[in-house]
Each structure stands twice: as structure tokens, then as C-alpha cells.
């Protein structure tokens, strides 16, 4: 079994405020004039512990600089991941099959932003996995849980993604909206008992 210094102190768990505080204090003690230190009554402290001020200052400033660099690296990585996620959602929304379209059209049919859907339905679970649907709550009725469209999917979804377009006749639109998921009749029961 090996022992490392990081086992003793995990610097990532120490708040950066502590390093800023020690950086400021050690900086004042290191760069302060003799008159200034005399006024603060710190000349004896400087004589006794002055040899540590430089190393404390360097460690604190280094940690602060590294924390700032890591913050921006993480921010940039997050933005890239977010952009990639949005691109994936856009691709998924563009390639919906008619069964997936029928599930999403349920929001328009029922005129609700949140609907109870069965988690064990392969189409619903597929849309969840793709990030198009999002579960709103962990409390459900059996295998039915409240679902909504994810913000990303809602942003990209247009009528033509749902098999609709403005050139369709009213009869064709009615026909599209009549093609509903098998479980959709359960929504009437769940909405009536809310």
C-alpha cells in the first residue's frame, strides 16, 4: 500500500477563498514596507516566520491561477458538449419515424405540455434515451410517468418533423392526428383522476 501527499490533503476540496485569503495575507507580509508592518505590529512575526511567506504566496497564487484556468477549460468543454448534444437532438428530431411522431403529436392532441406516458413502451423509452422526451417526476401511476418535451427538442421541432405540413388538407391532418399510440386512451383515465 502506497501513501501520497494527496491522501493527506485534497486541495480540490479546500475552497478557493482560503487560498485567496492566504495569498493576500502572505502578499502583504512579503511586499509590505517596514513602516507598514511596524504599524500593524507584525515586524516580530516577520522575523520569526518570514522565510515561509514566499512559498505560501507562490503556492496560493499558483492554485488560484490553476483554478481559473480549470474553470475556463470546464466552461469551454461544457459549451462544446452542449453544442454536440443540440446537434444530436436536431439530427434525432429530423429522423423521427411515424410512431415516434405520433407520440410527440399527443402533446398537441391533448393540448398539454405534460402527459402521462408508459416508461415500458419501447417508443417512449427510445424518445427518452434520445433526449427528445424528459421525465418530469419520479412519481407515476404504475409504469406511467409524467413526460414533457425536452427544451432542446421543443426548440428544434417543427410541423414537418411530425409528419405535417401547411399544404395538407384538413382531412389529411385529421387522419394524421387519428393515428395515435396504443396507450393514449390511458391518458384520458389519468387526466380524469388528477
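Restricting things to Cα coordinates, could you compute the convex hull volume per residue of segment 53-94 in Å³?
Expressed per residue, the convex hull around the Cα atoms of segment 53-94 is 29 Å³.
What does segment 96-192 give for Rg and for Dmax, in Å, if only its C-alpha atoms count?
Radius of gyration, then largest Cα-Cα span, for segment 96-192: 13.1, 41 Å.
At 0.36 nm per residue, and after removing the present C-alpha to C-alpha distance, how many nm does the segment from residue 109 to residue 182 gain when stretched out fully? Don't skip to the end; give the middle numbers.
Values: separation 73, 0.36 × 73 = 26.28 nm, distance 1.41 nm.
The span from residue 109 to residue 182 would gain 24.9 nm if fully extended.
Between helix 98-110 and the chain, what is the angle of the helix's C-alpha long axis to the longest principal axis, kept within 0 to 90° and rounded to the nearest 10?
Helix 98-110 and the main axis of the chain meet at about 90 degrees.
Need one number: convex hull volume per residue for the chain, Cα atoms only, in Å³.
247
Calculate the FRET efficiency for residue 88 and residue 174 from the Cβ-Cβ distance with a Förster distance of 25 Å, rounded to the nearest 0.05.
0.15
So if each residue of separation counts as 0.36 nm, and I subtract the Cα-Cα distance between residue 155 and residue 33, what length gain in nm does that give?
Full extension from residue 155 to residue 33 adds 37.9 nm.
How would you rank 50-57, 145-152, 168-175, 124-131, highest first, on the average number of other Cβ atoms within 10 Å across their residues?
145-152, 124-131, 50-57, 168-175
Over the Cα atoms of segment 52-149, what is the Rg over Rh ratio if Rh follows Kirkwood?
Radius of gyration relative to Kirkwood radius: 1.32.
Pairing the Cα long axis of helix 16-31 with the longest principal axis of the chain, what angle in degrees results, from 0 to 90 and rounded to the nearest 10?
The answer is roughly 30 degrees.
Among the DSSP beta bridges whose two residues both lie in segment 96-192, what percent are antiparallel, rounded to the nearest 5?
100
With the radius of gyration and the Kirkwood radius both derived from the Cα set of segment 11-93, what is their ratio Rg to Rh?
Here the Rg-to-Rh quotient is 1.35.
Using the Kirkwood radius built from alpha carbon pairs, what does the Stokes-Einstein equation give as D for segment 96-136 at 10 °C and 1.306 mPa s, in µm² per second?
Rounded, D is 153 µm²/s.
Read-outs: derived from the displayed coordinates by stated rules, not from any lab. The structure displayed is predicted, hence computed values, not measured ones. We place every Cβ from the backbone using ideal geometry, glycine too, and count neighbours over all the protein chains shown.
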